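Report on the following structure.
The values are calculated or read from the model by the stated rules, or taken from the named source; none is laboratory data. Every value quoted in this text rests on a predicted model; they were computed, and no experiment measured them. Don't worry about glycine lacking a Cβ; one is built from the backbone with ideal geometry, like all the others, and counts go over all protein chains shown.
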Amino acid sequence: MNAQDSDPSELKGRPVGQRFRGFLPIVVDVETGGFNPVTDALLEIAVIVVGFDDQGQLVPTEEHWYHVQPFAGANIETAALEVNGIDPHHPLRPAVPERDALQRVFREVRRSVRDNSCTRAILVGHNAAFDLAFLNAAVERSGIKRNPFHPFSCFDTATLGGVAYGQTVLSRIATAAGYEWDSDAAHSAIYDARLTADVFCGIVNQFRGIYETQRQGPAAGSDR
């Protein structure tokens, strides 16, 4: 189907709220027709919402993804298509116009921001500056005025993976974290987003003890 939305998660944990200074992390992955966000086509977009489960663990909770029609005059590099395996003009490809895809994604993101008592979404990506640049360029092209994402801040799992596992490539981080890596499925937006979400949540959960300790402040009676 064109609107490839999953049902909202049944998890009923506490809202993310102030865990990230009022920001709600939203994992985003895009597949594109090249490296230039201004001239090259956006071909797929996937977003995954995260939240806390009943045990206080950060987990993926729902996902939305779309095949996107290249905008008028978009550049598409053959080398990019060889990597992501997309045929943008296949007659059975269930693609929607760029503006429609963004509006559908943003509607769900705004709902999640509200439901989690947050003030804004913050993009989580692997080499996140790439995804954020394409997202911002598509917003500009589409004339969308209400972008729920922070315009320049982001969380990058390449950096987090380097800190946690000494790896910066997504496949190697996933393997180090104990997740399976399917090279045949890689480079689709939803597959990469799912792995990125697993990696991000796993690393955040590793820091749970440190976070909760610093939130409690100095021990009672401490002079420090």
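Listed by first and then second residue, the pairs linking a residue in segment 200-218 that is crowded, with 16+ Cβ neighbours inside 10 Å to a residue that is in a helix (DSSP H, G or I) and small (Gly, Ala, Ser), with Cβ atoms under 6 Å apart and 6 or more places separating them unless they lie on different chains, are Ile203/Ala164. Phe106 meets the conditions (1) under 13 Å from the mean Cα position of the chain (by Cα); (2) over 19 Å from Trp65 (Cβ atoms) in every case but one. The failed one is (2).
With respect to the stated conditions, Arg19 fails to be within 18 Å of Ala137 (Cα to Cα) and either hydrophobic (A, V, I, L, M, F, W, C) or surrounded by 16 or more Cβ atoms within 10 Å (Cβ to Cβ) (or both). If you go through segment 32-42 and keep only what is in contact (Cβ under 8 Å) with a residue 60 or more places away in the chain and closer than 13 Å to Ala95 by Cα, you end up with just Leu42. Flag not set for Ala129, criterion: at pLDDT 95 or above, in contact with a Phe, Trp or Tyr (Cβ under 7 Å, 6 or more places away or on another chain) and surrounded by fewer than 21 Cβ atoms within 10 Å (Cβ to Cβ). Taking the stated definitions as given, is Pro88 touching a residue at least 24 places away in the same chain (Cβ under 8 Å), touching a Lys or Arg at 6+ places or on another chain (Cβ under 8 Å) and closer than 23 Å to Ser183 by Cα? Taking the combined requirement at face value, the residue does not satisfy it.
State whether the residues of segment 65-76 include one that is within 20 Å of the chain's Cα centre (by Cα), buried (at least 17 other Cβ atoms within 10 Å of the Cβ) and under 20 Å from Phe200 (Cα atoms). Yes, segment 65-76 contains at least one residue that is within 20 Å of the chain's Cα centre (by Cα), buried (at least 17 other Cβ atoms within 10 Å of the Cβ) and under 20 Å from Phe200 (Cα atoms). Residues that are surrounded by fewer than 22 Cβ atoms within 10 Å (Cβ to Cβ), basic (Lys, Arg) and without any contact (Cβ under 8 Å) to a residue 40 or more places away in the chain are absent from segment 117-125. Checking segment 55-74 against the condition returns no match, with no residue being touching a His at 6+ places or on another chain (Cβ under 7 Å) and of a type in the set (S, T, N, Q). Among the residues of segment 139-151, just one is of a type in the set (A, V, I, L, M, F, W, C), surrounded by fewer than 22 Cβ atoms within 10 Å (Cβ to Cβ) and either under 22 Å from Asp192 (Cβ atoms) or within 14 Å of the chain's Cα centre (by Cα) (or both), namely Val139.
Taken as a whole, the condition of being closer than 19 Å to Val50 by Cβ, assigned to a loop (DSSP other than H, G, I, E, B) and either without any contact (Cβ under 8 Å) to a residue 60 or more places away in the chain or under 15 Å from the mean Cα position of the chain (by Cα) (or both) does not apply to Gly161. Taking segment 179-193 as the range and being touching a residue at least 24 places away in the same chain (Cβ under 8 Å) and not in a helix (DSSP H, G or I) as the test, the residues that pass are His187, Ser188.
Filtering segment 169-190 to residues that are surrounded by 17 or more Cβ atoms within 10 Å (Cβ to Cβ) and more than 26 Å from Val38 (Cβ to Cβ) leaves Ile173, Ala174, Ala177.
Being hydroxyl-bearing (Ser, Thr, Tyr), part of a helix (DSSP H, G or I) and in contact (Cβ under 8 Å) with a residue 12 or more places away in the chain is true of Thr196.
Restricting attention to segment 105-145, the residues that are of a type in the set (Val, Ile, Thr), out of contact with any His (no Cβ under 7 Å at 6 or more places or on another chain) and within 18 Å of Phe155 (Cβ to Cβ) add up to 4.
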